[in-house]
Structure formats: structure tokens, C-alpha cells
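One structure is given here, and the rest of the page talks about it.
The values are calculated or read from the model by the stated rules, or taken from the named source; none is laboratory data. The shown structure was predicted, so the numbers you read here are calculated from the model rather than taken from an experiment. As a convention, Cβ positions derive from the backbone with ideal geometry for all residues, glycine included, and neighbour counts pool all protein chains shown.
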């Protein structure tokens with residue numbers, strides 16, 4: 001609304017209504033001082049006048065909360081003020097006098113028409129306005145009742161009409177904004193659909209290229225195998241051709257994956273991000289949580305062994321989640337973290353146990369949920385399960401909480417069964 005803004009700045013509705021109420025109250029209290037000499041005789045201001053003046057003005061401060069009751073109180077107080085001759089009559093032998101009390105009622109009618117429901121607005125124009133006009137006419141001096149009736153009705157009906165017009169214009173503006181937003185969303189959706197259709201077409205073409213290169217590699221591999229014994233030079237040339245074809249296939253496959261990647265995934269493209277953390281990054285993680293106030297005793301035992309990139313990331317994320325949960329639920333407590341390499345048993349063991357909340361810390365750990373419910377535990381279980389490991393979590397005797405994870409280490413048999421020989425590299429695949 002226009003009343004809710006000033007100099008382009010939004011004003012809180014409560015401040016607007018309070019300002020109008022105070023302005024109207026000040027006008028009513030100063031009406032006697034503003035009357036010119038020889039004007040209509042008015043009753044001397046007493047306690048009753050001040051009460052009525054406040055009742056005819058201050059309800060405007062809470063009009064937004066209860067429009068119709070505030071309007072009724074203001075209209076009744078204004079009528080009593082006129083009936084007791086505390087304010088000039090609307091129409092009298094001295095002429096027409098539209099004082100603050102009448103302007104206050106008109107303002108309340110306007111705001112009610114703007115803020116009220118259609119039913120409330122109809123009730124105001126069909127019942128309240130005629131009743132107010134008839135009451136004012138009955139209180140007017142003889143010979144001026146018709147003029148008072150018409151003047152009061154005209155003022156209040158005009159205020160009501162302006163309010164409904166303002167509300168209608170707001171509704172039209174809001175509908176226009178909604179239509180513009182819907183049109184913009186439709187245009188974005190159409191553009192996105194066109195992009196996806198074009199991406200699908202290009203993806204089919206790239207798929208054919210990749211499939212052709214892979215098929216060619218299979219044929220060349222068979223040919224190289226057949227000529228290996230009798231023509232080593234020819235086999236060497238075929239191997240070189242296979243390498244070039246494979247590189248081309250990988251390049252086209254990367255293009256295909258980049259093409260199919262969504263906009264959200266493109267923003268988190270791993271090629272644009274630093275390498276994923278590994279087990280070697282756990283000491284830095286421990287230092288960061290120590291800086292946050294968690295007392296961590298960290299120990300690493302055993303000889304580090306080769307570990308696939310996915311397992312590296314899993315170990316780091318499990319430790320990260322466990323430390324975060326400890327800091328969140330147990331506060332700045334003491335925590336033991338151990339990472340044990342056990343190549344002879346083909347496993348890596350991670351164990352984190354805390355002492356629970358310190359007395360008086362005020363952050364008690366919530367009760368353990370069955371089967372590790374919760375997004376944190378579910379995420380850890382999913383990560384551990386994806387690399388073939390196991391996870392055990394739960395409270396420890398005497399207080400505290402433990403997280404125990406076992407991650408399998410690759411064995412020589414796993415390489416012979418087709419695992420990539422570079423799986424133990426500490427960086428993710430594709431780096």
C-alpha cells in the first residue's frame with residue numbers, strides 16, 4: 001500500500017497504523033484551540049472528552065489486526081463526541097465542518113475496504129455507512145439533518161469506493177506479476193527442454209562413435225593376438241593403434257558425460273574442484289576440530305598399504321562425520337581416534353570413541369535410535385557398504401559413544417580378477 005511506504009522505503013504496517021492513530025488523536029485534542037472566534041459553542045473538554053477522543057483515534061493502531069471492530073469503536077466514539085457537543089457538527093448554521101473525528105472514521109472505512117474480506121466490505125457499505133449517516137443526521141440540529149445525512153454518506157461511500165479501487169488495483173498488479181513469473185518459468189522450461197533434446201541428439205551420435213571405437217579395439221586386439229608370434233612388429237603397430245583408438249574412445253566418452261551432466265552437476269564438476277581427500281588428510285581434519293574445541297587423541301598404527309580411491313574417500317568421510325557428530329552431540333569432550341593398518345589381515349580399522357558430554361556442558365547426547373537411524377549414520381553405513389566394509393556404532397559402557405569401521409584392503413587376488421592396477425592411487429579416478 002501507498003501508506004506503507006515513504007520515500008521508496010518500506011515502513012512496517014504497525015508503524016504506519018500507529019502513526020495515523022497518533023496524528024488523529026493529536027488533531028482531536030487540538031480541535032478546541034483551532035476553532036476561530038465566534039464559532040460554534042462546544043462543551044468544555046473534560047475527562048470524558050479525552051476518553052472519547054482516544055477511543056475515536058487509537059483503535060486505528062490495531063486496525064490491521066481487527067478491521068471491523070476498530071471501525072465500529074471509532075464510529076461510535078465519533079457519534080458520541082458530536083452528540084455531547086465536544087466537536088462541531090458536520091452541518092450546522094455555521095456551515096460544514098469536517099473535523100478530525102469524521103476524517104478518522106473515513107480513514108477507518110478506507111482501510112477496512114482495502115484490508116477486509118469482500119463480505120466485510122459489503123457489510124460496511126450496506127449496514128455501517130447508512131447507520132452512521134442516519135445517526136449523524138439524528139444528532140444534527142433541525143434544518144440540517146438532510147445535509148448532514150448526505151454529507152456523511154458521501155464522505156464514507158467515497159472512502160469505501162477508494163479502498164475497494166485500491167484493493168482491485170493491487171489484485172490486478174499481483175496477477176500481472178504472477179503471470180509474468182509464470183511466463184518466465186515457462187520460457188525457462190521450454191529453453192531447458194530444447195537444450196535437453198539437443199543434448200540427447202548429440203549424445204546418440206557420440207554413443208555411436210564410442211561404440212564404433214570400442215568395437216574397433218576388440219577387432220584390433222584379436223588381430224594383434226593372432227600375429228603376435230609370427231610378426232611382432234605388426235603386433236606392436238596394432239597395439240599402438242589400439243592405444244590411440246582407446247584414447248579417442250575415452251575422450252569421446254568424457255565429452256558424452258560432460259554433455260549429459262546437468263547444470264547443477266556442472267557447477268560441482270570434479271575437474272574444477274581440488275582432489276578428493278584421502279586418509280593422509282585426516283591429520284588436518286583432526287587439527288580443524290581441535291581448533292573448534294574438541295580434544296582429540298589421534299593415533300595411527302601399522303604400515304599404510306595400497307587403497308582404492310573410493311576407499312580413501314570413504315575413510316575420510318566416516319572420520320569427518322564421526323567427529324562432527326561428537327562435536328554436535330557431546331560438545332567439547334575428549335575423543336580417541338585410531339587408524340590401524342592391518343595388511344596381514346587385509347583390512348583398515350577406524351575407531352572413534354568419545355567420553356560423552358562433560359558435566360554441566362548442557363548438550364546431552366540424544367538417545368540412540370535403533371539400527372543407526374539418522375542421516376549421518378545412514379550415510380556412513382552406505383559409504384562403508386559400498387566398499388565392502390562394516391560399521392558398528394553405539395553407546396559405550398560408562399558413557400560416551402563409539403564408531404567402529406572396518407574397510408577391506410585390496411589383495412593380490414583382487415587385481416588378478418580384473419581390478420584396475422592403479423586402484424590404490426590416492427587420487428580419484430580420472431585425476
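Structure above, values below:
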{"quantity": "Those residues of segment 10-41 which are surrounded by 15 or more Cβ atoms within 10 Å (Cβ to Cβ), modelled with pLDDT of 70 or more and more than 40 Å from the chain's Cα centre (by Cα), in sequence order", "calculated": "24, 25, 27, 28, 29"}
{"quantity": "Condition met for residue 103 (surrounded by fewer than 20 Cβ atoms within 10 Å (Cβ to Cβ) and either touching a residue at least 60 places away in the same chain (Cβ under 8 Å) or assigned to a helix (DSSP H, G or I) (or both))", "calculated": "yes"}
{"quantity": "Residue under evaluation residue 323, criteria (1) more than 19 Å from residue 389 (Cα to Cα); (2) surrounded by fewer than 19 Cβ atoms within 10 Å (Cβ to Cβ), criterion not met", "calculated": "(2)"}
{"quantity": "Top-ranked residue in segment 370-390 [being touching a helix residue (DSSP H, G or I) at 6+ places or on another chain (Cβ under 8 Å) and in a loop (DSSP other than H, G, I, E, B); ranked as modelled with the lowest pLDDT]", "calculated": "387"}
{"quantity": "Matching residues in segment 63-77 - criterion: being in contact with a helix residue (DSSP H, G or I) (Cβ under 6 Å, 6 or more places away or on another chain) and in a helix (DSSP H, G or I)", "calculated": "67, 68, 70, 71, 73, 74, 75, 77"}
{"quantity": "Residue 277 being buried (at least 16 other Cβ atoms within 10 Å of the Cβ), within 29 Å of residue 355 (Cβ to Cβ) and modelled with pLDDT under 85", "calculated": "yes"}
{"quantity": "Single residue of segment 399-421 satisfying the filter (modelled with pLDDT of 80 or more and not in a strand (DSSP E or B)) that is surrounded by the fewest Cβ atoms within 10 Å (Cβ to Cβ)", "calculated": "399"}
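Residue-by-condition table, conditions (1) buried (at least 21 other Cβ atoms within 10 Å of the Cβ); (2) under 44 Å from the mean Cα position of the chain (by Cα); (3) part of a helix (DSSP H, G or I); (4) without any contact (Cβ under 8 Å) to a residue 60 or more places away in the chain:
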residue	(1), (2), (3), (4)
122	no, yes, yes, yes
132	yes, no, yes, yes
143	no, no, no, yes
146	no, no, yes, yes
150	no, no, yes, yes
154	no, no, yes, yes
163	yes, yes, yes, yes
